[in-house]
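The values are calculated or read from the model by the stated rules, or taken from the named source; none is laboratory data. As the structure is a prediction and not an experimental result, all values here were calculated from the model. Cβ atoms come from the backbone with ideal geometry, glycine included; neighbour counts cover every protein chain shown.
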Amino acid sequence: MTWRQFRGTIAVASLAPLLLAAGIAVVTFLADRVSSDYALFRCFGLSTTTCLTESALTLASLATLALPVVLGVFVGVTVFSRDIERRTHVLGLTQATGRSRWYWTRVVVVFTPVVLAMVVLGYVVLWSRFGPNPYGGSFVDAFYSRLEFPTFGTIGVVPAGYTVLGLAIGSLTALLLRNTIGAMALTLVAVTSVIVGLPALARAHYATPDADRLSLEMSESGRSVAYEMDPSSVSYPSWTVDSYYADSEGDRVTVQFDACSFGDEAWPEPGPDETTVEFDARTDAFVAERSLSRVQCLREQGADHFVNLQFEDRMLWRFQFTETALCLVLSAILLGGSSLLVRRLRP
């Protein structure tokens, strides 16, 4: 009876992620054929063939991140609120079927196909972004970490974890407020807060970051260390979660940047009779002298080196399963709270 009542909802909610996954797969093949560098927002909105494929994949990635919110609002809420508002739940609660069975049957029959479809979508996005052509021949793309927002929330099993939590929040708000519009609004805010809050507040604490120590000369050279590396030698980049100056003991040092500013010193301008080689040499000497001056200023303030706290990309699946498990634990708590509300739900 639950299947007959909600088969339309199940079909639409399950087909949406699967159709999106199929579209991503097709566009990925097209992007590979036109040698597109798949990067979020690289040339979003431009009309060239390459940019059209990149823009389509960008939109698809954002849609993958938004689907848990949409499903929580339109599936998690309505599966319960629609009956409660129409008072058709009275029929179910007054039959031989118990309240717990009435609730958990809907959770299993309606929610399970939707979550499985999101698992498929997450792995298709992972394959699309990092499978057939992970760098797309692009120098910059090689330095985007898969652990960062929003990429992390669109790949692997995490989209399914977000969806379980979104559906659990939707069912709880529906039973708590007993008003569809109010429950939808609350679910929208809550699920969005989780998707944004987990990477901002929790993800960096899933493990202990590695400390990458750089000399002051290297950190103040005016060139990013990444640009001095061969992109082909980098498997995937690291995710930097914190950076700071430290003393010789490794303790954080507060640096007064105003004391080490360059003031109004003008950047070199090419002379009228100066060759390009001569100008480049003079510019390099200017930058080197200024960098040495800044390093000396930092040392006078107690800084000995610069530290990057980062996670290597090999931590991807540990973080994926950790965040998914966290979502499942929170979902179990919310579903348990919903089952208690069902027991107190009066016909």
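Those helices (runs of 4 or more DSSP H) of region 81-183 in which at least 2 residues are out of contact with any Leu (no Cβ under 9 Å at 6 or more places or on another chain) and at pLDDT 95 or above, considering only elements entirely within it, cover 112-130.
Are any residues in region 294-308 assigned to a helix (DSSP H, G or I) and touching a residue at least 12 places away in the same chain (Cβ under 8 Å), and if so, which ones?
So in region 294-308, the residues assigned to a helix (DSSP H, G or I) come out as 294-300.
Within region 294-308, ARG294, VAL295, CYS297, LEU298, ARG299 qualify.
Scanning region 268-293 for residues that are surrounded by 14 or more Cβ atoms within 10 Å (Cβ to Cβ) and not in a helix (DSSP H, G or I) turns up PRO268, GLU274.
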